[in-house]
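Asker: This is the structure, below, for whatever I ask next.
The values are calculated or read from the model by the stated rules, or taken from the named source; none is laboratory data. From a predicted model like this one, the values you see are computed outputs, not experimental measurements. Cβ placement follows ideal geometry from the backbone for every residue including glycine, while neighbour counts extend to all protein chains displayed.
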Amino acid sequence: MFEIFGIPSTALFGQLLIGLINGSFYALLSLGLAVIFGMLNIINFSHGAQYMMGAFAAYLILQYSGLGYWPALIIAPILVGITGILVERFFLQWLYKLDHLYGLLLTFGLALIFEGVARNYFGSAGLPYTVPESLRGGQNLGFMFLPNYRAWVVAASLVVCFGTWFVIERTRLGAYLRAATENPTLVRAFGINVPRMITLTYGFGVALAAFAGVMAAPIYNVSPQMGAELIIVVFAVVVIGGMGSILGAIITGFGLGVVEGLTKVFFPEASNTVIFVIMAIVLLVRPAGLFGRRA
Amino acid sequence: MERVVDPLAKKPSILHSQSETIGFLIMVLVLVVAPFVTYPLFLMQAMCFALFACAFNLLIGYVGLLSFGHALYFGWASYLSAYSAKAWGFPPELAILTGTATAAICGLVAGSLAIRRQGIYFAMITLALAQMMYFFALQAKFTGGEDGIQAVPRGYLFGIFDLKNVMTMYVVVLIIFILGFAFIYRIIHSPFGEVLKAIRENETRAISLGYKTDRYKLVAFVLSATLAGVAGATKAIVLQLASLTDVNWPMSGEVVLMTLVGGLGTIFGPVVGAFVILVMQFKLAPIGEWVLVIQGAIFVACVLLFRRGIIGEIANKLRIRL
């Protein structure tokens, strides 16, 4: 063990790791928000609630079918993604011709419903979800102790984030998506079913949030309000990064997580607010956001 | 060349102004009679929230800006009003002024940041800034953290009127509410208000007509924050309490809901919406967390089926302005 700026290395790197973990959730969630916003022109306020639903789905899958973490990691996002598709078909599709603000208000209402239902059935206290057998324990790296599960979370979200980036920027499907974002009418004229693409995009964005929720379940407790405060921070992350760029969302998410972690070491009182302060500074210096294009 | 109709030109109509006058008289009459029929404390609280919703509506309804962080101004005004009355022994009129000034300053800072981005980003920025100030309230010593500031003395207004008397307090709140309401009405119908509406309809065109729209938006934002502050500061004196609930994000959502239910961009809508939502919360209090679900369902229903809100629908049916 050694010291950096008078801080023991284990504490510093430990917080750095927590920052990376938070950063993975910021990245996954802001990525989902950006993808949804690109296609639907709606800011999905229920994103936090859907993250929470992912965690609860994992918890319920374990309770009722006995299936553990690994199956849940696949099943929970699919289930929550299906609810997302239903939400798009029943509610969101009627809003595309209206002002963006109505989408925000409607998804805010949905978030209240999801959170309220969860609170009614599970109470406000957190429910425990244990780390899967195969990822218990950790590695001693000399300068710090690295729990296996946390390493897995960072690695998995990096893979998922860059996988999403690859699909959107480098494949034919992604090209259709980007084209439909720019000009849906023209893409429809080419015979592509844009409304179905929009539905599936929303389902995918929601599934991404649920995936983050399942990964968060063993780290934080599973609780109804776990998404509500997170989504506000993610909004700030989105404002800082701008929603124009997928890569931008990923970099901003991880970067801000690390900054937040470091703030916990050097100035703990400000750790809750540092991202909002950065947002204010970015708005002063670069109003369009770090990766945004001026509208 | 086709003649473009100037959106700023006023079309004078006797029926229009009359419907608003009649509505105003009915509202005042109801509020004067109401304390003899139902709980004055509930009515005072409802009037504070009604003023809060009217202030919020000034932005969303007349400038088209959705602030999702209005709890900041309401809550911080409430804290400063309560603290100055309790710790510094300010009389109620000064306490309310202190709270209001706090809200105005917060509004100036947050507003000048938020108007740098448009549309959906504006909503996210206001929400994020409000959340930041929520954390400050949570950590600051003077706010009392989870306990809030309790047992705030109501004191003597101008050193004469004892506000511990419920009816005296009621009259004071009623006067503050009516003045605030009339002020907002005046803003909306002033030349300044007409420019705000022009910005709402077509900002680019307003800019091309030579209006510095950012400046107009900022002034509207500060006015809205200040009036929300009046509501919050008065609420702290009425309920003798300032707490974290007032600054947290659900409060921001609640004021959006009140305005939406009553009718965005209508003058009386926010008042009706505030009363409807508060009565609902009051009646539904026994069923606990389901209130959250019901509020969410009302949001969804309003957005999908009922975008004009209660007053908006009535005004539309009767073809009048309310």
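Asker: Looking at the range B:247-284, which of its residues are closer than 14 Å to B:I311 by Cβ and facing chain A (nearest Cβ under 8 Å)?
Answerer: Within the range B:247-284, B:L260 is the sole residue that qualifies.
Asker: Still on this model: Is it true that some residue in the range B:66-73 is crowded, with 24+ Cβ neighbours inside 10 Å, outside any loop (DSSP other than H, G, I, E, B) and more than 14 Å from chain A (Cβ to nearest Cβ)?
Answerer: The answer is yes; a qualifying residue exists.
Asker: Moving on to the next point. Do we have any residue at all in the range B:83-98 that's part of a helix (DSSP H, G or I) and within 14 Å of chain A (Cβ to nearest Cβ)?
Answerer: So in the range B:83-98, the residues part of a helix (DSSP H, G or I) come out as B:83-86, B:92-98.
From what is left, the residues that are within 14 Å of chain A (Cβ to nearest Cβ) are none.
No, every residue in the range B:83-98 fails to be part of a helix (DSSP H, G or I) and within 14 Å of chain A (Cβ to nearest Cβ).
Asker: Now for a different question. Could you say whether any residue in the range A:111-134 is more than 8 Å from chain B (Cβ to nearest Cβ), closer than 17 Å to A:H47 by Cβ, of a type in the set (S, T, N, Q) and assigned to a helix (DSSP H, G or I)?
Answerer: no
Asker: Another question, then. Would you pick out the residues in the range B:229-250 that are surrounded by 24 or more Cβ atoms within 10 Å (Cβ to Cβ), within 28 Å of B:V300 (Cβ to Cβ) and of a type in the set (A, V, I, L, M)?
Answerer: B:A231, B:V247 - these are the residues of the range B:229-250 that are surrounded by 24 or more Cβ atoms within 10 Å (Cβ to Cβ), within 28 Å of B:V300 (Cβ to Cβ) and of a type in the set (A, V, I, L, M).
Asker: Can you report the number of residues in the range B:285-304 which are surrounded by fewer than 16 Cβ atoms within 10 Å (Cβ to Cβ), at pLDDT below 90 and within 12 Å of chain A (Cβ to nearest Cβ)?
Answerer: Total meeting the criteria: 3.
Asker: Is there a residue being within 7 Å of chain B (Cβ to nearest Cβ), touching a residue at least 60 places away in the same chain (Cβ under 8 Å) and either part of a helix (DSSP H, G or I) or touching a Pro at 6+ places or on another chain (Cβ under 9 Å) (or both) anywhere in the range A:93-104?
Answerer: Yes; the residues of the range A:93-104 include at least one that is within 7 Å of chain B (Cβ to nearest Cβ), touching a residue at least 60 places away in the same chain (Cβ under 8 Å) and either part of a helix (DSSP H, G or I) or touching a Pro at 6+ places or on another chain (Cβ under 9 Å) (or both).
Asker: Surrounded by 18 or more Cβ atoms within 10 Å (Cβ to Cβ) and of a type outside the set (K, R), is that true of A:E133?
Answerer: Considered against the rule, which asks whether it is surrounded by 18 or more Cβ atoms within 10 Å (Cβ to Cβ) and of a type outside the set (K, R), A:E133 comes out as no.
Asker: Then there is this: For a quick check of your reading: which helices (runs of 4 or more DSSP H) sit entirely within the range A:213-295 and have at least 2 residues that are within 12 Å of another protein chain (Cβ to nearest Cβ), over 30 Å from A:L62 (Cβ atoms) and among the β-branched types (V, I, T)? Even if it seems obvious, please write down each step before you answer.
Answerer: On the way: elements: A:226-241, A:246-266, A:274-285.
Answer list for the range A:213-295: A:226-241, A:274-285.
Asker: Count, please, the residues in the range B:83-101 that happen to be buried (at least 24 other Cβ atoms within 10 Å of the Cβ) and free of Cβ contacts under 8 Å to residues at least 24 places away in the same chain.
Answerer: 0
Asker: With surrounded by fewer than 10 Cβ atoms within 10 Å (Cβ to Cβ), modelled with pLDDT of 85 or more and either farther than 18 Å from B:I311 by Cα or over 22 Å from the mean Cα position of the chain (by Cα) (or both) as the only criterion, which of B:V32, B:V37, B:V5 stands out?
Answerer: Details: B:V32 fails: surrounded by fewer than 10 Cβ atoms within 10 Å (Cβ to Cβ); B:V5 fails: modelled with pLDDT of 85 or more.
After applying the criteria, what remains is B:V37.
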